[in-house]
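The values are calculated or read from the model by the stated rules, or taken from the named source; none is laboratory data. None of the values given here were measured: they were computed from a predicted structure. Ideal geometry is used to build each Cβ from the backbone, glycine not excepted, and the neighbour counts take in all protein chains shown. Each accessible area value is taken on the protein alone, full model and side chains, heavy atoms only, with ligands, DNA and RNA left out. Shrake-Rupley method; radii C 1.70, N 1.55, O 1.52, S 1.80 Å.
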Amino acid sequence: MYIKDNFIQLNTKNTSYIFRITKRGDAEHLYYGKRVPDGDWQPMVEKRSLLLVNSLYPSDDISYGIDDMSFEYSFAHRGDSRACAMLLKDDKGEVFDFVFDSIQKGGLKFDNKACAYGSDEDIAVVFKCTDRKLTLKLWYSVFYDSDVIARTVQLINDGETDISVDNIMSYQLDIDGQDKKLLTFDGAWARERYKTEKSIEYGRYVSGSLSGMSSAECNPFFVVAQINADNTKGDCIGFNLIYSGNHKISLQRDTYEGLRIMQGINDEGFCFNLQKGKTFTTPQGVMTFSCDGYNGMSQNMHDFVLNHIVRYKGELPVMLNTWEAVYFGLNVDKLKTIADKASETGFEMLVVDDGWFGKRDDDTTSLGDWVVDKRKFPRGLKELADYVKSKNIKLGIWFEPEMISIESNLYKNHPDWALINSGVRNITGRGQYILDLTKKQVREYLVSSISKIVEEQKIDYIKWDFNRRFAEIGGGKDSGSFLYNYVEGLYEVLGELTDRYSHLIIEGCASGGGRFDLGMLCFSPFVWTSDNTNPLSRAHIQEGTSYGYPMGTMLCHISASPNHQTARISTFDTRANVAYNGIFGCQMDITKMNEEDLQKLSKVIEEYKSDKDNIRYGKFYRLSDGFNKNDFVWQTMNSSGDSGRITVYHKRFMPVYSSLRIKLTGLKEDAKYRITGAGKLDITAYGSTLMNSGFSLPQNYNGNNMSDDATYLVDDTAIVFNIKKL
Ligand code: DGJ
């Protein structure tokens with residue numbers, strides 16, 4: 001960090017973020033990009049003299065164009081006619097004037113663990129509201145090695161009256177808007193985080209979520225890039241928000257060609273009553289710049305997530321999940337049979353999904369009754385835990401803690417804990433309702449009932465599901481802050497459990513990947529990426545997710561063919577090769593698998609075990625744009641860059657088509673590498689050749705004269721090559 005006069009320069013390993021305090025007491029953004037020398041600010045400062053006839057400016061300075069300048073944060077009704085980052089109200093009205101006061105170094109604290117840890121420097125630019133005792137702090141945290149800047153905003157009310165906070169974005173970034181494009185990651189259940197690319201035109205683009213969760217419909221991660229950027233080249237900035245609730249992404253390209261980027265809690269329906277003496281802290285936003293295209297940007301984000309978001313650093317066992325194997329049809333005997341096969345095959349964890357508790361034979365009952373179903377487990381889950389332990393396997397179980405079924409003892413005893421509003425036609429989802437986590441008793445009940453099971457039944461792992469979105473909300477006259485308080489309540493429960501049980505692994509899940517966000521990743525090392533495990537769908541979902549999140553956070557299971565979500569038929573190898581690009585596991589009835597596939601599965605698990613740290617912490621490069629091309633091509637390398645894998649997923653067979661040429665990346669130019677794999681490929685070449693010329697795949701199957709030296713890239717096929725430095 002370099003501060004001189006009224007200039008502030010934040011440096012990470014490869015980037016600089018620069019702004020200054022104007023003589024009027026605003027924070028003016030000057031630069032965010034590739035690192036530049038400290039203090040070399042002169043060229044960045046705009047030279048202004050006279051404004052347009054209809055511009056707004058302070059009465060004493062005609063050159064100060066408020067609706068044209070780049071600001072670090074903006075306020076409604078202060079002359080900036082673009083969308084603003086903050087809107088407050090009190091008895092006096094909506095006009096609040098914040099003026100620079102001082103710089104604070106260090107001292108940033110959050111109320112819970114949903115925040116990044118291990119920053120190198122924290123600095124706040126402190127503003128005071130002149131006619132009220134209000135303090136605003138714009139916090140900047142530097143994560144030097146990850147090339148990430150995190151931002152958060154604190155509003156402190158030392159005044160005499162409550163303040164209504166109607167909008168408070170986590171950050172604002174005003175940059176040049178010309179020749180830029182936007183990448184967002186949108187979708188639905190079973191189609192999460194599909195990349196969509198848009199040009200940035202005049203006007204506003206607003207997206208986000210209003211369902212109470214970060215959502216499958218619009219992930220909080222997005223990218224703003226130079227129009228010609230791709231995986232390997234071009235300037236781009238990746239953004240994300242450490243939050244699991246309603247969020248908002250807002251971009252505005254204005255008449256002066258500027259681009260205002262903002263992100264934070266979605267202000268639609270939001271209104272927080274900030275009582276006197278209290279502080280409101282926004283969720284943290286994060287941003288990373290890279291001039292090395294999307295791959296460079298993704299790797300910064302990956303590094304940041306692994307080293308500053310995910311807390312759990314212990315082992316991640318190779319798991320078998322029972323959901324698609326038995327659904328609700330489980331009992332101790334069936335699971336013991338599965339456990340026998342699981343142990344022979346090399347699995348390290350059995351995760352008993354839905355159906356072990358209450359009287360849960362389908363999805364209509366029992367949510368909230370976290371007591372073992374004695375019909376299915378007469379001697380409790382501990383019998384199963386002991387059994388699997390004797391086979392060197394750990395036990396995990398599924399919970400959906402935030403939910404309640406009408407048909408449950410919990411509802412009989414506490415009907416007021418369910419979010420059901422009187423006097424309206426209530427709306428249900430999967431036949432269930434959401435518990436009011438803003439209530440302290442509800443949070444205490446969750447912590448104690450989950451703790452009881454974890455301790456008594458010897459549980460090492462929880463799959464934390466969340467299968468319906470919000471309709472009705474609570475909070476009475478404070479309903480505007482209900483969804484925010486709900487998320488805070490959720491973080492409190494998760495924080496309490498992770499503090500109590502350091503060995504406990506929590507898998508995040510929300511009907512698949514409906515809450516794949518940095519907030520949940522502060523408590524869960526990984527998230528169930530999607531319910532859709534079909535390789536074609538998964539190639540899209542995993543590639544889309546990889547833009548913002550590392551492979552080590554994506555839970556990827558091999559499942560049955562035909563696939564239960566798409567009915568598509570895929571070979572074992574294709575299913576395994578796609579699932580291998582994440583935290584590998586399985587969910588199918590392995591007692592019904594044929595011997596050949598079972599042996600293959602055992603081999604994959606063995607290989608994966610020796611490779612799992614490389615997948616979890618290694619580097620991931622996209623070598624093609626799978627969303628727009630016929631092939632997804634992924635290169636994964638171990639952290640030292642000495643060995644790795646190349647996965648090619650081919651969507652549709654094209655007869656008599658030229659064979660694919662793959663240009664690798666991230667290799668040492670003058671080192672030699674050997675590549676072996678599908679189609680008996682075996683080549684040795686220098687890193688520089690493999691990165692510049694690339695290598696051609698052996699000829700593909702062409703309908704006749706198929707030889708052993710050809711690849712067999714037909715419809716829906718994934719093949720693999722290994723790469724090793726010699
Ligand atoms: C939805 C999850 O995404 C599935 O993996 C499974 O756990 C079911 N819920 C169980 O009800």
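R20 passes all but one of (1) over 19 Å from A85 (Cβ atoms); (2) basic (K, R); (3) surrounded by 17 or more Cβ atoms within 10 Å (Cβ to Cβ); which number fails?
That leaves (1) as the condition not met.
Among the residues of segment 372-407, which ones are over 24 Å from Q587 (Cα atoms), more than 14 Å from the ligand (Cβ to nearest atom) and in contact with a strand residue (DSSP E or B) (Cβ under 6 Å, 6 or more places away or on another chain)?
I404, E407
Tell me whether segment 561-580 contains one or more residues that are open to solvent by less than 10 Å² (accessible area, probe 1.4 Å) and closer than 22 Å to G238 by Cβ.
no
Could you pull out the residue among L384, L335, L395 that is touching a helix residue (DSSP H, G or I) at 6+ places or on another chain (Cβ under 7 Å), part of a strand (DSSP E or B), of a type in the set (A, V, I, L, M, F, W, C) and open to solvent by less than 10 Å² (accessible area, probe 1.4 Å)?
L395
Given R430, R469, which one is within 30 Å of I309 (Cα to Cα), within 16 Å of the ligand (Cβ to nearest atom) and open to solvent by 20 Å² or more (accessible area, probe 1.4 Å)? Write out each step before concluding.
Working: R430 fails: within 30 Å of I309 (Cα to Cα).
Being within 30 Å of I309 (Cα to Cα), within 16 Å of the ligand (Cβ to nearest atom) and open to solvent by 20 Å² or more (accessible area, probe 1.4 Å) holds for just one of R430, R469, which is R469.
Which ones in segment 59-74 are open to solvent by 30 Å² or more (accessible area, probe 1.4 Å) and either among the β-branched types (V, I, T) or under 19 Å from I156 (Cβ atoms) (or both)? Break it down stepwise before answering.
Going through segment 59-74, the residues open to solvent by 30 Å² or more (accessible area, probe 1.4 Å) turn out to be 59-60, 62, 68.
I62 - this is the single residue of segment 59-74 that is open to solvent by 30 Å² or more (accessible area, probe 1.4 Å) and either among the β-branched types (V, I, T) or under 19 Å from I156 (Cβ atoms) (or both).
So which of A539, A579 ends up being of a type in the set (A, V, I, L, M), within 17 Å of T196 (Cα to Cα) and at pLDDT 95 or above? Outline the logic, then answer.
Details: A579 fails: within 17 Å of T196 (Cα to Cα).
Going through A539, A579 in turn, the sole match is A539.
Can you confirm whether M593 is within 16 Å of the ligand (Cβ to nearest atom) and either at pLDDT 95 or above or surrounded by fewer than 19 Cβ atoms within 10 Å (Cβ to Cβ) (or both)? Before the answer, list the steps.
Numbers: within 16 Å of the ligand (Cβ to nearest atom): no; either at pLDDT 95 or above or surrounded by fewer than 19 Cβ atoms within 10 Å (Cβ to Cβ) (or both): yes.
Against the criterion (within 16 Å of the ligand (Cβ to nearest atom) and either at pLDDT 95 or above or surrounded by fewer than 19 Cβ atoms within 10 Å (Cβ to Cβ) (or both)), M593 does not qualify.
Somewhere in segment 618-626, is a residue in a strand (DSSP E or B) and on the phi > 0 side of the Ramachandran plot? It would help to see each step written out before you state the result.
Step one: list which residues in segment 618-626 are in a strand (DSSP E or B), which gives 619-622.
Then drop every residue that is not on the phi > 0 side of the Ramachandran plot, which leaves none.
Checking segment 618-626: not a single residue is in a strand (DSSP E or B) and on the phi > 0 side of the Ramachandran plot.
Within segment 485-504, identify whether any single residue is open to solvent by 50 Å² or more (accessible area, probe 1.4 Å), touching a residue at least 60 places away in the same chain (Cβ under 8 Å), charged (D, E, K, R) and within 14 Å of the ligand (Cβ to nearest atom), and answer yes or no.
No; the residues of segment 485-504 include none that is open to solvent by 50 Å² or more (accessible area, probe 1.4 Å), touching a residue at least 60 places away in the same chain (Cβ under 8 Å), charged (D, E, K, R) and within 14 Å of the ligand (Cβ to nearest atom).
Looking only at strands (runs of 3 or more DSSP E) that fall completely inside segment 633-721, which ones have 2 or more residues that are within 20 Å of T574 (Cα to Cα)? Lay out the reasoning, then the answer.
On the way: elements: 643-650, 672-677, 681-686.
Where strands (runs of 3 or more DSSP E) fall fully within segment 633-721 and carry at least 2 residues being within 20 Å of T574 (Cα to Cα), they are 643-650, 672-677.
Which of the strands (runs of 3 or more DSSP E) found entirely inside segment 240-312 contain at least 1 residues meeting this: of a type outside the set (A, V, I, L, M, F, W, C) and open to solvent by less than 10 Å² (accessible area, probe 1.4 Å)?
On the way: elements: 247-253, 258-265, 272-274, 279-281, 285-290.
Filter on segment 240-312 gives 247-253, 258-265, 285-290.
Test K412 against the stated conditions and say whether it is away from the ligand (no atom under 16 Å from the Cβ) and more than 26 Å from A342 (Cβ to Cβ).
Working: away from the ligand (no atom under 16 Å from the Cβ): yes; more than 26 Å from A342 (Cβ to Cβ): yes.
Criteria met by K412.
Could you check how many residues of segment 669-688 are under 22 Å from D631 (Cα atoms) and open to solvent by 50 Å² or more (accessible area, probe 1.4 Å)? First the steps, then the outcome.
At the first step, the residues of segment 669-688 found to be under 22 Å from D631 (Cα atoms) are 675-683.
Okay, now just the ones that are also open to solvent by 50 Å² or more (accessible area, probe 1.4 Å), so 680, 682-683.
Looking only at that region, the number is 3.
May I ask you to verify whether D131 is in contact with a Cys (Cβ under 8 Å, 6 or more places away or on another chain), surrounded by fewer than 17 Cβ atoms within 10 Å (Cβ to Cβ) and more than 27 Å from L521 (Cα to Cα)?
no
If I filter segment 313-327 down to residues being assigned to a helix (DSSP H, G or I) and not aromatic (F, W, Y), which single residue comes out as nearest to the ligand (Cβ to nearest atom)? Can you show your working first?
Within segment 313-327, the subset assigned to a helix (DSSP H, G or I) is 323-326.
Next, from what is left, pick out any that are not aromatic (F, W, Y): 324-326.
Details: E324: 8, A325: 12, V326: 11 Å.
If we take residues in segment 313-327 being assigned to a helix (DSSP H, G or I) and not aromatic (F, W, Y), then E324 is nearest to the ligand (Cβ to nearest atom).
Please work out which residue is nearest to the ligand (Cβ to nearest atom), limiting yourself to segment 350-371 and to residues that are surrounded by fewer than 21 Cβ atoms within 10 Å (Cβ to Cβ) and more than 23 Å from S448 (Cβ to Cβ).
Across segment 350-371, the extreme among qualifying residues is D363.
Considering segment 670-690 alone, what residues qualify as being among the acidic types (D, E) and in contact with a Phe, Trp or Tyr (Cβ under 7 Å, 6 or more places away or on another chain)? Please lay out each step first, then the result.
Step one: list which residues in segment 670-690 are among the acidic types (D, E), which gives 670, 682.
The one that is among the acidic types (D, E) and in contact with a Phe, Trp or Tyr (Cβ under 7 Å, 6 or more places away or on another chain): D670.
Which condition from (1) under 17 Å from I583 (Cα atoms); (2) within 19 Å of the chain's Cα centre (by Cα); (3) open to solvent by less than 10 Å² (accessible area, probe 1.4 Å) is the one that H540 breaks?
Status for H540: all satisfied but (3).
Do any residues in segment 451-476 that are over 17 Å from D369 (Cα atoms) have Cβ atoms under 8 Å from those of residues that are in a loop (DSSP other than H, G, I, E, B) and of a type in the set (K, R), where the two are at least six apart or on different chains, and which pairs are they?
R468/R430
Of the numbered conditions (1) away from the ligand (no atom under 16 Å from the Cβ); (2) touching a strand residue (DSSP E or B) at 6+ places or on another chain (Cβ under 7 Å); (3) modelled with pLDDT of 95 or more, D460 satisfies every one except a single condition; which is it?
Result: D460 passes all but (3).
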